[in-house]
1. Using only Cα atoms, what is the ratio of the radius of gyration of the chain to 2.2 N^0.38 Å?
2. Please name whichever of Asn88, Thr75, Ala11 sits farthest to the positive end of the charge dipole of the stretch 2-122, dipole taken about the Cα centre and charges placed at Cβ: Lys and Arg +1, Asp and Glu -1.
3. For the chain, what is the calculated [θ] at 222 nm in deg cm²/dmol (nearest 500), taking -39500 (n - 2.57) for each run of four or more DSSP H residues and dividing by its residue count?
4. What is the order of Ser23, Ser66, Ser102, fewest Cβ neighbours within 10 Å to most?
5. Count the DSSP beta bridges whose two residues both fall in the chain, then state the antiparallel fraction as a percent rounded to the nearest 5.
6. Select from the stretch 38-80 those GluC sites (Glu not before Pro) which occupy a DSSP coil region and have at most 15 other Cβ atoms within 10 Å, ordered by residue number.
7. Would you look at the GNM of the chain, springs on alpha carbons closer than 10 Å, and say which of Ala21, Ala105, Ala64 moves the most?
8. Can you run phi through the Karplus equation (6.51, -1.76, 1.60; θ = phi - 60°) for the stretch 20-26 and list ³J(HN,Hα) in whole Hz, with x for Gly and Pro?
Amino acid sequence: MNIVYTDAAPAAIGPYSQAIAYSGLVFTSGQIPLVPETGEIVSGGVREQAEQVMKNLGAVLTAAGSDFTRVIKTTCFLTDMGEFAAFNEIYAKYFTGNPARSCIAVAALPRGVSVEVEAVATAE
């Protein structure tokens, strides 16, 4: 089991790692729209937040020897299902292989953000 870490994504804000690589698989922690350089939430609405989430998730996948094309399952969390279509527009730009997915409405997310995404992928 290998702990994955990269400076290109936000550091964990709790007692967990950005991802774990194990037996050819990568299990990412949920990524939220924090700008890695500042630790601040990206400004804007769900589209801008989703873009930053995908950048962060991509950086973690790369650090683990994977990428978006190797993702087999995602779990997405939204605080407002009214933003589902807007979120999907951004999601579809990154996940062109249509991995399995769950999308869950939640009451709140860390730091008051609107979106969080975690993934399971294969690694090199």
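What follows is calculated from the coordinates using simple rules that are stated; it is not laboratory data. Every value quoted in this text rests on a predicted model; they were computed, and no experiment measured them. Note: ideal-geometry Cβ built from the backbone for every residue, glycine included; neighbour counts use all protein chains shown.
1. Values: Rg = 13.3 Å, N = 124, 2.2 N^0.38 = 13.7 Å.
Dividing the Cα Rg of the chain by 2.2 N^0.38 Å gives 0.97.
2. The residue sitting farthest along the positive end of the dipole is Thr75.
3. Numbers: 2 runs with 29 residues, N = 124.
Result for the chain, helices only: -7500 deg cm²/dmol.
4. Working: Ser23 6, Ser66 25, Ser102 10.
In order of increasing Cβ crowding within 10 Å: Ser23, Ser102, Ser66.
5. On the way: 19 of 25 bridges.
Just about 75 percent of them are antiparallel.
6. On the way: sites: Glu40, Glu48, Glu51; in loops: Glu40.
Here the GluC sites (Glu not before Pro) that fit, given the DSSP loop and packing criteria, are Glu40.
7. Ala105
8. 10, 9, 8, 6, x, 10, 10
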